[in-house]
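The values are calculated or read from the model by the stated rules, or taken from the named source; none is laboratory data. Keep in mind that what you see is a predicted model, and the values were worked out from it rather than measured. When we count neighbours, we look across all protein chains shown, and the Cβ atoms used for this are built from the backbone with ideal geometry, even at glycine. Side chains are part of the model used for accessible areas, which takes the heavy atoms of the whole protein and leaves out ligands, DNA and RNA. Shrake-Rupley method; radii C 1.70, N 1.55, O 1.52, S 1.80 Å.
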Amino acid sequence: METVTDTKCTQPVPLRRQTCNPHSCPPAWSAGPWSECSRKCGKGLKKRTVVCKSTNPIPRAQILPDSSCLAEPKPKPQESCMVKRCQKNRKLQWFVSIWTGCSVTCGKGIQKRLLNCAEKDVAGKYKELAPKRCHHVQKPAVQLERECNLAACPRLVTHTVTSSARAGWYSSPWSQCTVTCGGGVQARSVQCLAHGKPSSGCLLHQKPVMSQACNTNFCPEPEKKDVPCKDYFNRCYLVPQHGVCNHKFYGKQCCKSCSQSNL
């Protein structure tokens, strides 16, 4: 077959192209990139945008309602994530201790208390830790020292004069006797003090006694209580008739019947 120019053909030129597949392309789900995890440690969430888009070959894809893509399952818009495990959450806290005893045993002294670093365990109890462990926790503004006023110091029994301070033995009043009769013991406290504080400047041979005997008199004999004379059995009237009132058991249990009889 010889190819000639189009002008020599009397019939219309056939179509060189034509449309095909005229129906619209089915829409599809389009998922964006995942976001960062919502937490730096431990279990968190990451999210992404999921939309229904047309797949027609046009420059810019058209976003459609979600109902247009129900033929396919929608991808998850979020899911759990974990970058790394979190370190143990330690609840550190400053705790105030109770006040110590007074620094002196009589007169005016000082009481102190401490700030302790502690950690709360799973059982809800607190365990004391080294203070440096709570360096990032703000300390509470509390008073850690206060004055304490005790009773006036007891009278001076005897004393020894030293070059630095006057120290002496001080004794408290005698305690109550341990018994009211028959011989007991009463005690007292004896301390070496200098200016109201414990001292070692006292001579031991001058230390007053700390206990002594008391109420050494004999205790009176307890009074015998009268035992009521009565019958404890309904048939005690038979005991005198049988002449057994002298028997220890029947004599006590049938005292009234026996006392009324000469038998």
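Per-structure values
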{"read-out": "Sum of side-chain charges, S257 neighbourhood, beta-carbon under 11 Å (Lys, Arg +1; Asp, Glu -1)", "value": "+2"}
{"read-out": "Extension reserve of the H135-K53 stretch, reckoned as 0.36 nm per residue once the Cα distance is removed", "value": "23.9 nm"}
{"read-out": "Long-range HN-HN contacts of C153 with modeled amide H, under 5 Å", "value": "G107"}
{"read-out": "FRET efficiency estimate (nearest 0.05) - Cβ-Cβ, S97 to K197, R0 25 angstrom", "value": "0.65"}
{"read-out": "Under 15 Å, Cβ to Cβ, from K40 - net charge with Lys/Arg +1 and Asp/Glu -1", "value": "+4"}
{"read-out": "For Cα extents along the principal axes in Å, calculated from these coordinates, the label among [x] 175, 92, 28; [y] 69, 63, 35; [z] 50, 44, 42", "value": "[x]"}
{"read-out": "In Å², nearest 10: area of C106 left accessible to a 1.4 Å probe", "value": "10"}
{"read-out": "Exposed-site-free run, longest, the chain (rule: GluC sites (Glu not before Pro); DSSP loop; at most 12 other C-beta within 10 Å)", "value": "37-222"}
{"read-out": "Total formal charge among the other residues, if their Cβ is under 14 angstrom from that of T105, Lys/Arg +1 and Asp/Glu -1", "value": "+3"}
{"read-out": "Full-stretch length increase - C20, S68 - with 0.36 nm per residue and alpha-carbon distance subtracted", "value": "14.9 nm"}
{"read-out": "Cross-link partners of K197 among lysines (Cα-Cα below 21 Å; sequence separation of 8 or more within a chain)", "value": "K108, K112, K207"}
{"read-out": "Those lysines that a straight Cα-Cα span of less than 17 Å connects to K256, excepting residues fewer than 8 apart in one chain", "value": "K230, K248"}
{"read-out": "Accessible area per residue, Å², the chain with all protein chains present, probe 1.4 Å", "value": "82"}
{"read-out": "Pairs beyond 25 Å (Cα-Cα), from K43/K132; K40/K91; K91/K132; K47/K74", "value": "K43/K132"}
{"read-out": "In order through the range 133-138: 3J(HN,Hα) via Karplus (6.51 cos²θ - 1.76 cosθ + 1.60), integer Hz, x for Gly, Pro", "value": "5, 9, 4, 8, 9, 5"}
{"read-out": "Sulfur and carbon atoms: percent of accessible area, the chain [1.4 Å]", "value": "53"}
{"read-out": "Computed over the chain: relative contact order in percent, which uses C-alpha pairs under 8 Å that are six or more apart", "value": "10"}
